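Taking it in order: structure first as structure tokens, then the write-up.
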Amino acid sequence: MSSLTDLWRFEINETNLLIRVEQIRARINSYPLMLVSELVLAPLLVMLVWDKIAHGVLEAWLAAVFCVILIEFYFWRSRRLRTKTVAQNQDWNRLFKGLTALAAFTWGSAGVLMFVPGDLAYQALLICVVMGLSAGAATSNPFHPPSMFIYQAGIIFPLLGRLAWANNTTHWILFVMLSMFCVYVLKSAMELIRTFEQSQRRRFENELLVGALLERKREAEASRIEAVQASQAKSRFLATASHDLRQPLQALRLFSDALLDTAKEKDTVRLAGQIGKSVNALVDMFDDLLDVSRLDAGIVEPRKQHFLLANLFDRLYGDFAPLAQAKGLSFQLPICEARDGDPDHVCRVVIYSDPFLLERLLRNLISNAIRYCDSGGVALRCTCQEGKVGLEVADTGIGIRAETIPHIFEEYYQADNPHRDRRKGLGLGLAIVRRIESLLECKVHVRSKPGVGSAFSFEVPTGNSQNLAQPFVITHSHYELNNIVVALVEDDSDIREQSADLMEQWGCKVVAGEFAEDVMRKLDIAGLRPDLLVCDYRLPHGMTAIHVIQRMRELWGNGMPAVVLTGDTASETLHEIHDSGAILLHKPIAPMRLRAMMYFALHGENEKDM
């Protein structure tokens, strides 16, 4: 294990060149995201303290930051491919130290220049920003230890000095807390650095062993042992990254919550809320890694309950319907198939399983299906059998080649993504599915045909309705619709009457009719302006919901929200509805889903990942 001195010296020679090249390249690859983050964060930080600090000081600091970013970008752009020889990597080592020192000095100066005397709220805000930068540096740079040490010192020490300069009890307490945070981050970062370096060393050792295996079969067992050790090293790396670094992030979350609790002014409350959202987003980055390490460690135990499958379906629909619609895909959930083969369309079955592990498994499968599907749609099929329920997530996506299927459940493996496009995830979704299926005592089966689509299926046992639990509590108050004026256009009289009655129970004022003209005339007579249009897609005389949306927006403005109900799954129809800006709901529709989508349409949330 490397000592602190060895980590600082970061020697590069022919012996360790392969490992150093990987570390240098990883550090180079992290530069674009780092520079973009600094480019965005610097103006935001200036905006936070614009009314508190002299504008000339802030403008000078911002100009210095932009200059440093340009310098770093120049060197990254001109030298990023020079990592082949010892001399080239030694040049990068020196360059990393110099550029990091320059950036750390610039950002660290903010702890002094933007320190607002007498305003503890802004001081706490500044401390939170510095802690975030510190934790982010430790997270994103376990590859080059010297630059990490330089940055940590440069970013935190100036603020520590300013706190000590204040020389009162409150600031000495903040000084001690920030010092403890710094020590903990450094400790966690050193563990992460050592684990990363060790995993790289084991990786190259294994490659040598695999090469030797082809010539000497007698070394097969030794190669297997080394492979297991490499896997264990990787698991320790994941556990260290996910667990140790979440500890200082938790401290950062506590700081932001404390700031929110103590803030009095409106602007400070808003800023504290924004910091809290940013912290939560950073924590979410570790969730997949933490799930893998927790599942590997065997500390997750299933807690099975008897619960309605329909409640889980409602949660999944609210989260994934907008994502599918944004890509012009249909999203059918559920298509409930009874034992006699007749569609029931309303899933009333009770199952016995761990609701949250089952939800995570389905979420990963549905997310993958939407991600790799560019036309057609995604469906969750539910088939009730004797003593069990079959669940299947099917899509009309790109499909999976037969030779690839055995590998898709491996960590970080992604078919048809050789360039590691991060928009397609980290490659951990199906690895988590494979771990969850063993906990739920089920087996996920895969059927796929390239160019046609894929289907992932498994079975869960039925439950007992007498012991029904409610793991998914649905709070109707979250979807408040009181006094909303709804224009309902539906040519089926039974559906129209039932829908109108249902919306009125939710507190809506409903003006319904078979034709758009009928509804608009009734609204005009009543002197009402609709807040929301709910319309069937296919209407009499060749009319569609798109025509109705256009006519009503001509009268009441282009911003009027709309929800379109349809059983049509044609790609052209889905794109047409999406282009209109309306929310799409596929029939049959559960009342809770209709209510949720009406609420999201009114509040402009149809494009969000809810």
| message | For segment 170-186: of the residues being touching a residue at least 12 places away in the same chain (Cβ under 8 Å), open to solvent by 30 Å² or more (accessible area, probe 1.4 Å) and within 30 Å of the chain's Cα centre (by Cα), which is nearest to residue 143 (Cα to Cα)? | response | 186
| message | Considering only residues that are under 22 Å from residue 268 (Cα atoms) and under 33 Å from the mean Cα position of the chain (by Cα), which ones fall in segment 39-58? | response | 40, 41, 42, 43, 44, 45, 46, 47, 48, 49, 50
| request: Please indicate, with yes or no, whether at least one residue in segment 87-94 is buried (at least 21 other Cβ atoms within 10 Å of the Cβ), hydrophobic (A, V, I, L, M, F, W, C) and assigned to a helix (DSSP H, G or I). | output: yes
| Number of the condition not met by residue 69 [criteria: (1) under 16 Å from residue 44 (Cα atoms); (2) surrounded by 22 or more Cβ atoms within 10 Å (Cβ to Cβ); (3) aliphatic (A, V, I, L, M)] | (2)
| query | Out of (1) of a type in the set (A, V, I, L, M); (2) part of a helix (DSSP H, G or I); (3) at pLDDT below 70, what's the single condition that is false for residue 346? | reply | (2)
| query | Taking segment 409-445 on its own, how many of its residues are at pLDDT 65 or above and in contact with a Gly (Cβ under 9 Å, 6 or more places away or on another chain)? | reply | 2
| request: For segment 28-40, indicate whether the set of residues that are open to solvent by 30 Å² or more (accessible area, probe 1.4 Å) and touching a Gly at 6+ places or on another chain (Cβ under 8 Å) is non-empty. | output: yes
| Looking at (1) within 30 Å of the chain's Cα centre (by Cα); (2) crowded, with 19+ Cβ neighbours inside 10 Å; (3) of a type in the set (A, V, I, L, M, F, W, C), which is the only condition residue 61 fails? | (1)
| said: What's the total number of residues in segment 65-106 that are closer than 30 Å to residue 166 by Cβ and either over 33 Å from the mean Cα position of the chain (by Cα) or in contact (Cβ under 8 Å) with a residue 60 or more places away in the chain (or both)? | reply: 1
| Can you spot a residue in segment 562-579 that is in a loop (DSSP other than H, G, I, E, B) and at pLDDT 75 or above? | no
| said: Restricting to segment 43-56, count the residues that are open to solvent by less than 60 Å² (accessible area, probe 1.4 Å), over 22 Å from residue 151 (Cβ atoms) and not in a loop (DSSP other than H, G, I, E, B). | reply: 1
| field | residue 116 being at pLDDT 85 or above, open to solvent by 50 Å² or more (accessible area, probe 1.4 Å), touching a helix residue (DSSP H, G or I) at 6+ places or on another chain (Cβ under 7 Å) and under 26 Å from residue 170 (Cα atoms) | value | no
| said: Any residue that is more than 28 Å from the chain's Cα centre (by Cα), touching a residue at least 24 places away in the same chain (Cβ under 8 Å) and not in a helix (DSSP H, G or I) - is there at least one of those in segment 120-132? | reply: no
| query | Looking only at segment 1-42, which residues are part of a helix (DSSP H, G or I) and within 15 Å of residue 198 (Cβ to Cβ)? | reply | 6, 7, 18, 19, 20, 22, 23, 26
| query | Give me the pairs: first residue in segment 10-32 and farther than 17 Å from residue 97 by Cα, second residue open to solvent by 20 Å² or more (accessible area, probe 1.4 Å) and modelled with pLDDT of 80 or more, beta-carbon distance under 8 Å, and six or more apart or on different chains, which are they? | reply | 13/86; 14/86; 17/86; 32/76
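Can you tell me which residue in segment 139-149 is surrounded by the fewest Cβ atoms within 10 Å (Cβ to Cβ), limited to those that are assigned to a helix (DSSP H, G or I) and in contact with a Phe, Trp or Tyr (Cβ under 9 Å, 6 or more places away or on another chain)?
146
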| request: Please work out if residue 99 is in contact with a helix residue (DSSP H, G or I) (Cβ under 7 Å, 6 or more places away or on another chain), assigned to a helix (DSSP H, G or I) and open to solvent by less than 70 Å² (accessible area, probe 1.4 Å). | output: yes
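The values are calculated or read from the model by the stated rules, or taken from the named source; none is laboratory data. Everything numeric here is computed off the predicted structure, so don't read it as measured data. So basically every Cβ, Gly included, is an ideal-geometry build from the backbone, and we count neighbours across all protein chains shown. What goes into the accessible areas is simple: the full protein's heavy atoms, side chains included, and nothing from ligands, DNA or RNA. Shrake-Rupley method; radii C 1.70, N 1.55, O 1.52, S 1.80 Å.
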